[in-house]
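Structure, as structure tokens:
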Amino acid sequence: MREIDVSLITEKIALLVQEVNYSLPKDILSAIRSTKESETNERAKGILSILIENSRIAREKQIPICQDTGLCLFFVELGEDVRVEGLYPAINSGVRKGYTEGYLRMSMAKSPLFRENTKDNTPAIIHTEIVSGDSLKIQLLIRGGGSENMSLLKMLGPTEKEEAITEAVLAHTREKACFVCPPLFIGIGIGGDSGKAVLLSKKAVLRGLVRNANERIAILEESLLEKVNQLGIGPAGLGGRTTALAVNIEEYPTHIGLFPIAITLSCCATRYGQIEV
Amino acid sequence: MKRIIIPEEREALFDLVEGEEILLSGRCYTIRDSACKRLVADNSLPFEMKNEMLYFAGPSPARPGEIIGSCGPTTSSRMEPFFEFFLSKGVSGMIGKGPLSKEAISILAKYKAVYFVGIGGVAAYLSQFIKASTIIAYPELGTEAIHRLILKDLPLYTK
């Protein structure tokens, strides 16, 4: 049994939430740079340059790339040979410390009905998976209100095929992209039950700019990205080819009578990162 | 590209065409969900709204010695239920992000008010165009307090 001191986790999380908010992930920055080359709309090109400039300013001044520093969504992979006492309080302490010391915005309300800001951006939302081994990996995805509000869950029919996914993604993107600050990072979860599909759609974003290992899914991702970029929505919704930087799909086995699909529209300020202890 | 100073040159706001980019300077007030709700529930105005511009935004906290943290537009459509109230008090227009419903657009037209969109997700960049920030109401709401901002050349687009 490997024992992990929780104070180490708090320190690392406090740093992670700041780093992640102060600049775009490297892979997303390079995707913006390369898509800028192929963008033909001048205004769109200009806005893509502003995205890069924004990340530079934020990193330099240690201020958030987006004022909505979001809710903290964590995916924990906890090795079964690890002993850690008080993991969730340690993660929340890290969020509290990082958001306070890092001048990040406090955006959590105590209750959906009765509101009232918790003033320290906790509680975080934490999902844990037990894996083999003695390592602890914690992934963080920042979810802003504007983009999270445009999430979709839909139950397709079990006999439907790729076309149904394409149709759902294009219809949803056409309708909601402008609310989310494009260029988008589109995460799609298919399979499982309704809840699993939603989680997968977020994990799909966390995969970053890497194609799915399953070739048939990878082909669908490519084709969806191409179709989304023909919608003409463009950066900031002001026209252009660059409506999305990526479309990622994650799947899971499902019930013989089910075909859930969830779509997470992540924004041009997609922020993620991870720590390993 | 037109440069407009508000409220002094507010008449120029009404001569713009759709999709035009402008650089806005002068005074505006931040407002978002909780403050909207408060203001309408209390039916009291913490500032004179006539001829003023509202900016749907909730900035991040300022580092010591800085004017403001990061500040960019939030989704305007969430504030639509409050449009009639604001416009009936004489607001000139609103700044936010994203599209508005047909109903909201017709309320804007009824009061001859304007709507601008800012670029979302680039708040560190946009905060450079804010030259002063003062909390004038509801400090207990944190980021959702009403801030009076002084802008210098904030890039915006007409919708």
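The values are calculated or read from the model by the stated rules, or taken from the named source; none is laboratory data. Quantities reported herein were computed from a predicted structural model and do not represent experimental measurements. When we count neighbours, we look across all protein chains shown, and the Cβ atoms used for this are built from the backbone with ideal geometry, even at glycine.
Here's the yes/no breakdown for (1) within 14 Å of chain B (Cβ to nearest Cβ); (2) closer than 27 Å to A:ALA177 by Cβ; (3) surrounded by 13 or more Cβ atoms within 10 Å (Cβ to Cβ):
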position: A:GLY94; (1), (2), (3): no, no, yes
position: A:LEU104; (1), (2), (3): yes, yes, yes
position: A:MET108; (1), (2), (3): yes, yes, yes
position: A:THR118; (1), (2), (3): yes, no, yes
position: A:MET150; (1), (2), (3): yes, yes, yes
Looking at this structure, is A:GLU53 acidic (Asp, Glu) and outside the structural domain of A:ASN121 (by TED's automatic domain parsing)? yes
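Mind counting the residues in segment B:126-159 that are of a type outside the set (Asp, Glu), over 20 Å from A:GLY145 (Cα atoms) and either within 14 Å of another protein chain (Cβ to nearest Cβ) or not in a strand (DSSP E or B) (or both)? Show your work before the answer.
Step one: filter segment B:126-159 for residues of a type outside the set (Asp, Glu), giving B:126-139, B:141-143, B:145-152, B:154-159.
Filter once more, so that each one left must be over 20 Å from A:GLY145 (Cα atoms): B:128-139, B:147-152, B:154-159.
From what's left, either within 14 Å of another protein chain (Cβ to nearest Cβ) or not in a strand (DSSP E or B) (or both): B:128-130, B:133, B:138-139, B:147, B:149, B:154-159.
Result for segment B:126-159: 14.
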Meets criteria (under 28 Å from A:SER49 (Cα atoms), surrounded by 15 or more Cβ atoms within 10 Å (Cβ to Cβ) and over 20 Å from the mean Cα position of the chain (by Cα)) for A:LEU238: yes
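For A:ALA262, state whether it is touching a Leu at 6+ places or on another chain (Cβ under 7 Å), away from chain B (no Cβ under 14 Å) and not aromatic (Phe, Trp, Tyr). Before you say what the answer is, go through the steps one by one.
Numbers: touching a Leu at 6+ places or on another chain (Cβ under 7 Å): yes; away from chain B (no Cβ under 14 Å): yes; not aromatic (Phe, Trp, Tyr): yes.
The answer is yes for A:ALA262.
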Can you pull out every residue in segment B:97-116 that is buried (at least 22 other Cβ atoms within 10 Å of the Cβ) and at negative phi? B:LYS97, B:PHE116
Please count how many residues of segment A:107-122 are touching a residue at least 12 places away in the same chain (Cβ under 8 Å) and touching a helix residue (DSSP H, G or I) at 6+ places or on another chain (Cβ under 6 Å). 3
Looking at segment B:126-159 only, could you name the residues that are in contact (Cβ under 8 Å) with a residue 40 or more places away in the chain, aromatic (Phe, Trp, Tyr) and touching a Pro at 6+ places or on another chain (Cβ under 9 Å)? B:TYR138
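So if I check each of A:THR128, A:THR159, which one is assigned to a strand (DSSP E or B) and either farther than 28 Å from B:LEU141 by Cα or in contact with a Ser or Thr (Cβ under 8 Å, 6 or more places away or on another chain) (or both)?
Details: A:THR159 fails: assigned to a strand (DSSP E or B).
Of A:THR128, A:THR159, the one residue that is assigned to a strand (DSSP E or B) and either farther than 28 Å from B:LEU141 by Cα or in contact with a Ser or Thr (Cβ under 8 Å, 6 or more places away or on another chain) (or both) is A:THR128.
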Within segment B:112-125, identify whether any single residue is more than 14 Å from every other protein chain (Cβ to nearest Cβ), farther than 25 Å from A:ILE47 by Cα and outside any loop (DSSP other than H, G, I, E, B), and answer yes or no. no
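Would you mention how many residues in segment A:210-258 are touching a Phe, Trp or Tyr at 6+ places or on another chain (Cβ under 9 Å) and in a strand (DSSP E or B)?
Of the residues in segment A:210-258, the ones touching a Phe, Trp or Tyr at 6+ places or on another chain (Cβ under 9 Å) are A:236-238, A:244-248.
Within this subset, residues satisfying the condition of being in a strand (DSSP E or B) are A:244-248.
Total meeting the criteria: 5.
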Could you tell me whether segment A:184-196 includes any residue that is farther than 30 Å from A:GLU129 by Cβ and either among the charged types (D, E, K, R) or modelled with pLDDT under 95 (or both)? no
Picking from A:LEU199, A:LEU231, the residue that is touching a strand residue (DSSP E or B) at 6+ places or on another chain (Cβ under 7 Å), of a type outside the set (Gly, Ala, Ser) and at pLDDT 95 or above would be A:LEU199
Give the number of residues within segment A:49-75 that are buried (at least 18 other Cβ atoms within 10 Å of the Cβ) and either β-branched (Val, Ile, Thr) or more than 10 Å from chain B (Cβ to nearest Cβ) (or both). 11
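Which count do you get for residues in segment B:116-150 that are touching a helix residue (DSSP H, G or I) at 6+ places or on another chain (Cβ under 6 Å) and either under 26 Å from B:GLU18 (Cβ atoms) or not β-branched (Val, Ile, Thr) (or both)?
Pass one, segment B:116-150, residues touching a helix residue (DSSP H, G or I) at 6+ places or on another chain (Cβ under 6 Å): B:119, B:122, B:124-125, B:138, B:141, B:144-146.
Filter once more, keeping what is either under 26 Å from B:GLU18 (Cβ atoms) or not β-branched (Val, Ile, Thr) (or both): B:119, B:122, B:124-125, B:138, B:141, B:144-145.
Looking only at that region, the number is 8.
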